[in-house]
1. Quick one: plug the Kirkwood hydrodynamic radius of region 57-121 (C-alpha pairs) into Stokes-Einstein at 4 °C, 1.567 mPa s, and report D in µm²/s.
2. Which ³J(HN,Hα) values, rounded to whole Hz and listed in residue order, are derived for region 64-80 from phi using the Karplus coefficients 6.51, -1.76 and 1.60 in 6.51 cos²θ - 1.76 cosθ + 1.60 with θ = phi - 60°, glycine and proline given as x?
3. Loop-only chymotrypsin sites (Phe, Trp or Tyr not before Pro) in region 53-152, please: DSSP not H, G, I, E or B, and at most 12 other Cβ atoms within 10 Å.
4. Bin by bin, in steps of 5 Å, what percent of the Cα pairs in region 71-158 do you find, going until the bin that has the longest distance?
5. Name the GluC sites (Glu not before Pro) in region 99-158 that are in a loop by DSSP and that have at most 15 other C-beta atoms within 10 Å, would you?
6. With loop defined by DSSP as not H, G, I, E or B, and exposure as at most 14 other Cβ atoms within 10 Å, which is the longest segment of the chain clear of exposed trypsin sites (Lys or Arg not before Pro)?
7. Compute the FRET efficiency between residue 119 and residue 24 as 1/(1 + (r/R0)^6), taking r as their Cβ-Cβ distance and R0 = 35 Å, and round to the nearest 0.05.
8. If you consider only alpha-carbon coordinates, what radius of gyration and Dmax does the chain have, in Å?
Amino acid sequence: MIDTLINIIRAVMILFTLALAFGFGYALYQSWSFHPKFQLERDRAKKITTLRETVMKERWQSILKRFALGTPEAMRMAVIEADALTDAALKDMDVPGEHLADRLSNLETEEMKSINGIWQAHRMRNDLVHTPGFALSPEDAKTILGYYEAFLKEVEML
């Protein structure tokens, strides 16, 4: 009698454990749709990806041509445009946030090698835009554009 009762309790506990495991697995499966998608979906049509890459590369080349002019205003505008291009790339990747800084803070630092450089570049851009009389040296501008380029290559936009 006791053996039968123990076997029944054991069977109920096994069923309960299986139900909990199934429930956990189902909850995990359902919650996956809320996982942020930081990369372009690879199954999109190649034509769209190619067009996006072409547009990004053309915009980047335009930024480099502007920088090559060498004037302080041209370098300033090149940095501002590179920042805007980076923001557009993150929007294309569906990274949530209202501004570039918000989107950057939503990226996983461990996943991105160029994240620290892009933060420095964005801070420099903010100084250019918001600090009257802020001077940008050609060396700083070149370094900052290098940070933007490294980031855009890492997220496969260039």
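1. Numbers: Rh = 12.7 Å.
Translational D for this selection: 102 µm²/s.
2. 5, 5, 5, 4, 5, 4, x, 7, x, 5, 5, 5, 4, 5, 4, 5, 5
3. Values: sites: 60, 67, 119, 134, 147, 148, 151; in loops: 134.
Here the sparse-neighbourhood loop sites are 134.
4. 3, 15, 27, 26, 16, 9, 4, 0
5. Values: sites: 108, 110, 111, 139, 149, 154, 156; in loops: 108, 110, 111, 156.
Answer in residue order: 108, 110, 111, 156.
6. On the way: sites that count: 37, 42, 44, 113.
Longest site-free region, per DSSP loop and neighbour criteria: 45-112.
7. Numbers: r = 37 Å, r/R0 = 1.06.
In this case the efficiency is close to 0.40.
8. In order Rg, Dmax, the Cα atoms of the chain give 25.1, 95 Å.
No value in this document is a laboratory result; all are computed from the given coordinates. These figures come from a predicted structure and were not determined experimentally. Don't worry about glycine lacking a Cβ; one is built from the backbone with ideal geometry, like all the others, and counts go over all protein chains shown.
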